[in-house]
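The values are calculated or read from the model by the stated rules, or taken from the named source; none is laboratory data. Keep in mind the model is a prediction, meaning the values are calculated, not measured. Using ideal geometry, Cβ is built from the backbone for each residue, glycine included, and neighbour counts are taken over all protein chains shown.
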Amino acid sequence: MIDPAALFALCAALLLALRDIFGRFGVRGIDPIVGTAVSALVGLPVLAFVSFLNGDFAHPWPGRPWALASIALAGVTRITAARTLLFAATQHIGATRAGTLGTTSAFFSMALGMIFLAERLTLGLAGGAALVIGGSVLMARSRPGGAQAAGSYLKGVTLALLSALVFGASAVFARPAVNDFASPNLANLYANLFAVLCFLPFCWRRLGAARVTEWPLQAWGYLVLAGSAASLGVTFMYLALARAPVVFVAPIAQSRPFFLVLVSWLFLQAHESVNRRAALGAAAIVAGTGVLILGR
């Protein structure tokens, strides 16, 4: 029987892949930062509804006061900081190269988990993680990318790696705090709420230029789907983190490129193609996930 933490991490990877797909269509022709903030905002009622069904609001506060600060940092780093840095990186090196470097977030999560949470990395976990991260990089690089100016390349790489580092840190902030809440979903609700509040200063000055009232209905629909998928995806990741260490959860959750290409190939064949590099990357991710589950 599959490890529940691994199953939750795989569900997180699938939902976050759907977020990427819906978000790609949702931000076409609109301001990406404002679009990201909107997708984070629409995720709040989804998370609140799930927590209401769970009865989480009978115990709305965490058992230890510091847990709220820790989960707030997890939300701000994951949504506000990491996404803004990644968007800035795409302006210099393009979405393909930025996305490739973004797959290193699992490495940063594992390293920070060992340093700050004293988590133990076994040979099986290390081997599985290497396969998943390597496969993710291959799949991310399977898409053609345009040429970037040499002068901005180093800046773009630096921003993308900073985004991966900050995103990796979010899991380390969440891991020791998630079990202090009535449910991982409630923890995620608080994380999203703090992230949306921190997004407001970024968006306030961009609202006029963004022309939100002129966005097409289809864009709003995709943003709602992206926000819902992202919110529920992180809830599943928190469910995994409540049961397993970061060094186990992070690389499995990073198998997102596999699901991204799989869903795109099955349902969006006009937009995606599967080449040899993507196939090899997918095989590595599947093998690495198997090694992780067996090596825990």
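The table below lists the values:
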| quantity | calculated |
| --- | --- |
| Close pairs (6 angstrom Cβ cut-off, 6 or more residues apart or separate chains): touching a residue at least 24 places away in the same chain (Cβ under 8 Å) in region 65-90, not in a helix (DSSP H, G or I) anywhere | 67/177; 68/62; 70/177; 71/177 |
| Hits in region 172-186 - residues which are among the charged types (D, E, K, R) and outside any helix (DSSP H, G or I) | 175 |
| Of all residues making up region 196-215, the number that are among the aromatic types (Phe, Trp, Tyr) and in a loop (DSSP other than H, G, I, E, B) | 1 |
| Qualifying positions in region 12-44 - crowded, with 20+ Cβ neighbours inside 10 Å, closer than 18 Å to residue 81 by Cα and of a type in the set (Val, Ile, Thr) | 34, 36, 38 |
| Residue pairs meeting the criteria (Cβ under 9 Å; at least 6 apart or on separate chains; first without any contact (Cβ under 8 Å) to a residue 24 or more places away in the chain, in region 1-28; second surrounded by fewer than 18 Cβ atoms within 10 Å (Cβ to Cβ) and not in a helix (DSSP H, G or I)) | 24/271 |
| Extreme residue, modelled with the highest pLDDT, among residues of region 85-104 that are within 13 Å of the chain's Cα centre (by Cα) and closer than 24 Å to residue 203 by Cβ | 86 |
| Condition broken by residue 63, with the remaining ones in (1) modelled with pLDDT under 95; (2) part of a helix (DSSP H, G or I); (3) not charged (D, E, K, R) satisfied | (2) |
| Answer residue from region 52-69, given it is over 10 Å from residue 190 (Cβ atoms) and touching a helix residue (DSSP H, G or I) at 6+ places or on another chain (Cβ under 7 Å) and is surrounded by the most Cβ atoms within 10 Å (Cβ to Cβ) among those | 56 |
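A quick yes/no check of all residues on (1) outside any helix (DSSP H, G or I); (2) modelled with pLDDT under 90; (3) among the basic types (Lys, Arg); (4) closer than 23 Å to residue 106 by Cβ:
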| residue | (1), (2), (3), (4) |
| --- | --- |
| 151 | no, yes, no, no |
| 154 | no, yes, no, no |
| 160 | no, yes, no, yes |
| 167 | no, no, no, yes |
| 170 | no, no, no, yes |
| 188 | no, no, no, yes |
| 192 | no, no, no, yes |
